Amino acid sequence: MHPAWAAVGEAAGEVPAKRAVSDAATADVVALLAEDSELSDSARAAVSNLLRRHRLLEGELARQRTLLQEWILSQLTYKTLYYQYSGQSPQAPRVELMREKEAVRRRIREQLQPGADYLAAPDESTRSLSSS
């Protein structure tokens, strides 16, 4: 497993071990609701609402994991292409390209700050060291 996937575990497509336990517990609660006639309607509604919210949160968590997985894949893709086309390796980066990379990162970070014009295109008037 790639170290990036290990950091997020389930985002790599692993089925969470706790999921089976959670599903069993949810099934137990649903069965209890169906069997327990002494439970008031308001308590039954509250538990049903909690179960519904739990399912919605599980769905949102699955969506977030998928987004994270796609983001990691995108980052690794661009990193690989960067090293391939810049002619450097992660073990021995060229100093001038690393400076250029950091300058671009700072410029993009500033554009992402609140109040910045996030639609503005990065300044392309400077000549890239990687294209020389």
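Table for the structure above
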{"read-out": "Criterion violated by ALA34 - all others in (1) at pLDDT 85 or above; (2) over 29 Å from the mean Cα position of the chain (by Cα) satisfied", "value": "(1)"}
{"read-out": "Out of VAL104, VAL29, VAL15, sole residue that is at pLDDT 85 or above and not acidic (Asp, Glu)", "value": "VAL104"}
{"read-out": "Filter pass, LEU57 being modelled with pLDDT of 80 or more, surrounded by 12 or more Cβ atoms within 10 Å (Cβ to Cβ) and not β-branched (Val, Ile, Thr)", "value": "no"}
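The values are calculated or read from the model by the stated rules, or taken from the named source; none is laboratory data. As the structure is a computational prediction, the values presented were derived from the model and not from experiment. When we count neighbours, we look across all protein chains shown, and the Cβ atoms used for this are built from the backbone with ideal geometry, even at glycine.
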